[in-house]
1. Based on this model, can you work out whether G136 counts as free of Cβ contacts under 8 Å to residues at least 24 places away in the same chain and over 17 Å from the mean Cα position of the chain (by Cα)?
2. Is it true that some residue in segment 118-127 is surrounded by 13 or more Cβ atoms within 10 Å (Cβ to Cβ), modelled with pLDDT of 95 or more and within 23 Å of G30 (Cα to Cα)?
3. Regarding A117, is this residue without any contact (Cβ under 8 Å) to a residue 12 or more places away in the chain and under 15 Å from the mean Cα position of the chain (by Cα)?
4. Suppose the filter is touching a Lys or Arg at 6+ places or on another chain (Cβ under 7 Å), surrounded by fewer than 15 Cβ atoms within 10 Å (Cβ to Cβ) and not charged (D, E, K, R); does M40 pass it?
5. Answer with yes or no whether S39 is of a type in the set (S, T, N, Q), away from the ligand (no atom under 14 Å from the Cβ) and modelled with pLDDT of 95 or more.
6. Which of the numbered conditions does P61 fail, given that it passes all the others? Conditions: (1) at pLDDT below 95; (2) surrounded by 14 or more Cβ atoms within 10 Å (Cβ to Cβ); (3) touching a strand residue (DSSP E or B) at 6+ places or on another chain (Cβ under 6 Å).
7. Look through segment 1-37, keep the residues that are over 21 Å from A90 (Cα atoms) and among the β-branched types (V, I, T), and return whichever of them is surrounded by the most Cβ atoms within 10 Å (Cβ to Cβ).
Amino acid sequence: MTGVELLPAALVHAELLAGMHKICFADPWGADSLAATLSMPGAAGLVAVDGGSLSPALTPPGPAGFVLWRAIAGEAEILTIAVLPPWRRAGLGGRLLDAALDASRAAGAEFMFLEAAVDNIAALALYEKREFRRVGLRKGYYAGKDAVVMRRDLDTIGPSE
Ligand SMILES: CC(C)(COP(=O)(O)OP(=O)(O)OC[C@H]1O[C@@H](n2cnc3c(N)ncnc32)[C@H](O)[C@@H]1OP(=O)(O)O)[C@@H](O)C(=O)NCCC(=O)NCCS
């Protein structure tokens, strides 16, 4: 996807991230919770911006998606990842995930975990395509819905394709 830049997410973007989260999830995180997440030790994020600069308003051609992850003590975890509907199925989710994998590897993580609801076909397909393997099930993790826990080793591959 040409024209979409990945920029570092900062606390000042919390409202904007919350706006995107609300569009992408049935049980969205608010700005405070996203700011707290981004403030955790080892946490980082990227915002995908389609053209122009990252304005605080959630208006085109601005933000298209984002990813937050955490890499600490040799382990990494995707905290949340979302692509706004108009930008889906164009490789952006994969690009955000690859960037989180690369940054986590660079931070010394040896593997990455993530969770997805059992019926989240898009997310599960994306993660399996990126070689995450199912390692467990968390009962009732998402408002009564089970979550698949997935893991990928980071030391077995080079920088993402
Ligand atoms: C999951 C999500 C981030 C994927 O973003 P995306 O930009 O559409 O993903 P990509 O275009 O990089 O897709 C990469 C691959 O994932 C798989 N995939 C993505 N969406 C899919 C769908 N709706 N159905 C089946 N497979 C899908 C495909 O294999 C796809 O490759 P292809 O397009 O060449 O077939 C996006 O659907 C989203 O934001 N969903 C709502 C929020 C969410 O569920 N986040 C994950 C929480 S665990």
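The values are calculated or read from the model by the stated rules, or taken from the named source; none is laboratory data. Treat the numbers as computed from the prediction; the structure is a model and nothing was measured. Cβ placement follows ideal geometry from the backbone for every residue including glycine, while neighbour counts extend to all protein chains displayed.
1. Spelling it out, G136 is indeed free of Cβ contacts under 8 Å to residues at least 24 places away in the same chain and over 17 Å from the mean Cα position of the chain (by Cα).
2. Scanning segment 118-127 turns up at least one residue that is surrounded by 13 or more Cβ atoms within 10 Å (Cβ to Cβ), modelled with pLDDT of 95 or more and within 23 Å of G30 (Cα to Cα).
3. no
4. Considered against the rule, which asks whether it is touching a Lys or Arg at 6+ places or on another chain (Cβ under 7 Å), surrounded by fewer than 15 Cβ atoms within 10 Å (Cβ to Cβ) and not charged (D, E, K, R), M40 comes out as yes.
5. Yes: the conditions hold for S39.
6. Here P61 meets the rest and fails (2).
7. T37
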